[in-house]
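Student: Below is the structure I would like to discuss, written out as structure tokens.
The values are calculated or read from the model by the stated rules, or taken from the named source; none is laboratory data. In this text, all values refer to a predicted model and were calculated from it rather than measured experimentally. Here Cβ is always computed from backbone atoms with ideal geometry, including for glycine, and neighbour counts include all displayed protein chains. The protein model used for the area step is the full one, side chains on, heavy atoms only, and it has no ligands, DNA or RNA in it. Shrake-Rupley method; radii C 1.70, N 1.55, O 1.52, S 1.80 Å.
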Amino acid sequence: MLTHWAREHALRTSPPPEGNLPAALQQVLGKQWEFSASDGRIAIEHAHRGTPYCPPRRAPSWEELLAGLKAGFAAQGVPQAACLPLRWGRETELTISAVQALDPLLKDGRPLTYRSGFLPQPVVRFTGQRDTTGALRDGFLTSFVNVSRVQPIQHLDEYGAILDGWLSVLSRLGFHARHISIHGELAAWRRRQVEGITLRIRHLDLTLGDIVLLWNVDNPARMAVDLGTGLERLAWARTRQGWKDLVFGRFASLAPPPTLDAVRTATLLLAHGIRPAARGAGGITRRMIGTVDPGVARLGVSSLVRASYRYWRLFGEPNVPWPAVTMAIEQELGI
């Protein structure tokens with residue numbers, strides 16, 4: 001039997017897992033998937049790809065889409081985890097990704113996580129792609145729901161099984177494997193204490209999200225998987241509906257997209273008690289409200305706040321009521 005020192009030494013000296021990744025994926029996914037690799041890149045495509053895609057006649061509601069995800073993961077024994085707090089205050093002021101649930105395991109090498117399982121996590125992020133005018137491109141928002149499965153693993157075949165399980169969840173939602181492909185680089189990247197390999201998952205020509213194999217640099221046996229997409233992007237890929245109409249509904253033509261995005265994000269922040277301030281998380285709230293067009297908002301933002309509030313409420317009960325959110329935005333705007 002290994003002593004405590006020997007077990008810890010074995011963890012610290014375990015080889016990085018990336019070398020066996022293609023074989024592990026091929027074993028789990030099976031012969032219906034074709035693998036190709038060159039110049040350190042891998043591509044995985046369905047053997048019967050190329051068939052036409054027909055969007056659904058009726059777009060599912062956000063509630064239906066969320067319920068479908070929950071049922072799909074539950075069928076595989078993956079429970080839904082409670083959302084992380086929006087105010088993070090560690091390396092980032094706000095929660096920017098569900099993968100932060102894995103910080104103790106991946107960054108500290110400790111055998112624990114903040115959350116594990118299916119996690120539909122509201123996040124705020126300023127890294128969305130923008131056009132030459134500075135406007136967010138279709139498919140990107142400042143605030144969105146990071147639909148993830150975050151889970152520690154011990155063996156590479158678990159990584160393949162999680163990918164295979166995600167394909168099953170997508171099938172339940174009306175996607176077909178023939179229209180899915182997986183691409184990525186096999187070389188590991190490194191960010192401080194963490195190394196990883198990212199494979200991106202596409203539906204036809206649209207990137208849905210990714211599945212990332214992660215491990216602690218000093219303890220490579222401390223491995224985990226972060227499978228992620230955006231709920232809004234998932235609906236976009238499924239319906240092929242216009243992006244602004246999908247996200248902003250009846251408000252899409254009533255205000256400029258930057259104002260719609262700002263009120264949506266400010267509603268999320270304020271509903272979780274993050275009030276405007278000169279710095280810190282509150283500084284982000286002030287920054288978002290500052291991008292609202294005051295001319296458009298002169299008649300008030302109540303209707304848009306209520307619509308945004310109903311959406312964010314699907315992922316956890318806010319601790320500030322919507323009238324107070326509306327009042328805070330309007331006071332900050334001076335209207």
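Student: Placing +1 at every Lys and Arg Cβ and -1 at every Asp and Glu Cβ, with all other atoms neutral, what dipole size does the chain have around its Cα centre, in debye to the nearest 20?
Tutor: On the way: 39 positive and 29 negative charges, 132 e Å.
In debye, rounded to 20, the chain gives about 640.
Student: Can you give me the C-alpha center-to-center distance between the range 296-335 and the range 116-169, rounded to a whole angstrom?
Tutor: 26 Å
Student: Still on this structure: In nanometres, what is the gap between the two model label sites at ALA43 and LEU314, each 7 Å from Cα along Cα-to-Cβ?
Tutor: So the two model labels end up 3.4 nm from each other.
Student: Return one whole number: the accessible area per residue of the chain in Å², for a 1.4 Å probe.
Tutor: I get 48 Å² per residue for the chain.
Student: Any idea how far apart ARG190 and GLN154 come out in nm if each label point goes 7 Å out from Cα toward Cβ?
Tutor: Going by the 7 Å Cα→Cβ label model, 2.8 nm.
Student: Loop-only check: which trypsin sites (Lys or Arg not before Pro) in the range 82-169 are DSSP coil with at most 16 other Cβ within 10 angstrom?
Tutor: ARG90, ARG137
Student: Rounded to whole Å and sorted largest first, list the principal axis extents of the Cα atoms in the range 193-335.
Tutor: So the extents along the principal axes, rounded to whole Å, are 55, 37, 25.
Student: Name the chymotrypsin sites (Phe, Trp or Tyr not before Pro) in the range 231-327 that are in a loop by DSSP and that have at most 11 other C-beta atoms within 10 Å, would you?
Tutor: none
Student: Moving on to the next point. Which is farthest toward the positive dipole end of the range 129-207 among SER171, HIS155, THR132, measuring Cα position about the Cα centre, with Cβ charges +1 (Lys, Arg) and -1 (Asp, Glu)?
Tutor: Sorting the options by dipole projection puts first THR132.
Student: Let's see if you can work this out: charge +1 on each Lys and Arg Cβ, -1 on each Asp and Glu Cβ, no other charges. What is the dipole magnitude of the range 177-335 about its Cα centre, in debye to the nearest 20?
Tutor: 140 debye
Student: Please identify, among SER97, SER181, SER38, the residue showing maximal mean-square fluctuation in a Gaussian network model of the chain using a 10 angstrom Cα cutoff.
Tutor: Evaluated over the chain, the most mobile residue of the options is SER38.
Student: Further question: Given the peptides 255-263, 25-33, arrange them by the average over their residues of other C-beta atoms within 10 Å, most packed first. All intermediate terms of the calculation are to be shown ahead of the outcome.
Tutor: Numbers: 255-263: 20.6, 25-33: 14.9.
Result, highest mean first: 255-263, 25-33.
Student: Then there is this: So how much slack lies between ALA252 and GLN32, counting 0.36 nm per residue of separation and subtracting their Cα-Cα distance, in nm?
Tutor: Between ALA252 and GLN32, full extension yields an extra 75.1 nm.
Student: I would also like to ask the following. Could you please put CYS83, CYS54 in sequence from largest to smallest accessible area, using a 1.4 Å probe?
Tutor: The most accessible residue leads, giving CYS54, CYS83.
Student: Amide H to amide H, which residues 5 or more places from GLY230 or on other chains are under 5 Å from it, using H placed in the peptide plane?
Tutor: HN-HN under 5 Å from GLY230: VAL147.
Student: Follow-up question, since we're still on this one. Just the number, please: percent antiparallel of the DSSP beta bridges in the range 57-155, rounded to the nearest 5. Working shown, then result.
Tutor: Values: 10 of 11 bridges.
Here the share of antiparallel DSSP bridges comes out near 90 percent.
Student: Of the options ALA101, HIS183, ALA252, report the single residue whose Cα projects farthest towards the positive end of the charge dipole of the chain (beta-carbon charges: Lys, Arg +1; Asp, Glu -1).
Tutor: Of the candidates, ALA252 comes out farthest on the positive side.
Student: May I ask you to give the percent of accessible area on the chain that is carbon plus sulfur, with a probe radius of 1.4 Å?
Tutor: Carbon-and-sulfur percentage of accessible area, whole number: 51.
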